[in-house]
Each structure stands twice: as structure tokens, then as C-alpha cells.
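Input: a single structure, listed below in C-alpha cells.
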Amino acid sequence: MDFIEFVKTRQSDRAFDPNRPVEKEKIDRIIRAVQLAPSACNAQPWHLIVVDDPELKNKVADATSTRVLGINHFTKQAPVHILLVEEKVNLMSGVGGWIKNKDYAQIDLGIAAAYAVLAAHAEGLGSCILGWFDEGKIKKLLSIPQSKRVWLDIVIGYSTQPLREKKRKPINEIVSFNGYGKTK
């Protein structure tokens, strides 16, 4: 499959087969893909926590959903949660980020998450990146130091959701050439 077709078939899945565990080898390959992700000055400012213990996974899932807003109730179905915890950047990335007023660690975590979901897709797995969760509850459940930030939770499993057509802005609304707003 060419890359565009591959990307077109990757989606944020919100329905998983709760009775089908994800093989350890597949999780290992997803982790390896994240390890290979690029980062500013090769800082690699991430720590992954893989949660696949069913009881603990359900507690983490509870911390991602809310009855009030009615969101993320599908997360209990996913057999694996991978949490991305921010680590310190190296000196060059930190200085560069300070000079350029950019948070390179957060950018790098986004890249790592993209690598994770694309690797999961390559393994025939569905995934969804979550930013909405009770960070304090997650930290307590997973013994994450209070000084650390948990930025994302990626749920992974065998999707039961049909492929949806992607609704995207037209190319001419999101791209310009040789200057902002310029067309070819």
C-alpha cells in the first residue's frame, strides 16, 4: 500500500474488541517505532507507560472518561493504554526552545504519538490519541511523580469500528507556496 492510502485508512477508533488482547510483539514494535521518532536535538523527552493489566487499565480508562460531558466511554474497551509522560529536554533543545519561544518537548511528544498510532495501524490495530483525562488520578494510579506531566494517552486495540470517510479541508485552504496565502 502506498503511504497516502495507508494514512487514509488510519483513523481515530472509538470501538474496540474488549475480548481480544493485543500481542506483546505488536506492542514491542510500536514502542520501537516511538523510540525511533525524531526529536529536537535528539532530546527524546518522553517516557512511555504501557498499561495492559486489565484491572489497572480499567482504572486508567475511568480517569479518561466523564459522565458530565459524555466523552471517552469507549476507552475501557481498548486492551492497551500507552501514556506519554514528558521528560526533560537536553541542554541544546532547552536553550533552543527558550531562544525561539517554542516548547520542543510538546512538539516532540506529538511526533512520538503520531509514530505510535501509525505503527499501531501498520500492525492492524486501531488507536485513538486522548488529551482529555484526569491527570492527577492517572499520576496516582501509575506512580508518576507530581513534577512530571502526562500529555497523552493512546488507546490501542483491535478496532470494531468501520472505516469512516475523512472530512478534511481542501488542499488550497491549508497550503500556500512561497508565502502565506499564495497559490502556485
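Observations on the structure shown:
- Residues of segment 99-146 that are farther than 16 Å from Leu48 by Cα, among the small types (Gly, Ala, Ser) and surrounded by fewer than 15 Cβ atoms within 10 Å (Cβ to Cβ): Gly124, Gly136.
- Within segment 1-86, helices (runs of 4 or more DSSP H) holding 2 or more residues that are basic (Lys, Arg) and surrounded by 11 or more Cβ atoms within 10 Å (Cβ to Cβ): 24-35, 54-64
- For segment 18-28, the count of residues that are of a type in the set (Asp, Glu) and over 30 Å from Gly94 (Cα atoms) is nonzero.
- Any chance Val22 is of a type in the set (Val, Ile, Thr) and within 14 Å of the chain's Cα centre (by Cα): no
- Here Val89 meets the list (1) out of contact with any helix residue (DSSP H, G or I) (no Cβ under 6 Å at 6 or more places or on another chain); (2) buried (at least 19 other Cβ atoms within 10 Å of the Cβ); (3) modelled with pLDDT under 95; (4) not polar (S, T, N, Q) almost entirely, failing just condition (1).
- Selection within segment 68-108 - touching a His at 6+ places or on another chain (Cβ under 7 Å) and of a type in the set (Ser, Thr, Tyr): none
The values are calculated or read from the model by the stated rules, or taken from the named source; none is laboratory data. What you see is a predicted model, and the numbers here were worked out from it, not measured in a lab. Note: ideal-geometry Cβ built from the backbone for every residue, glycine included; neighbour counts use all protein chains shown.
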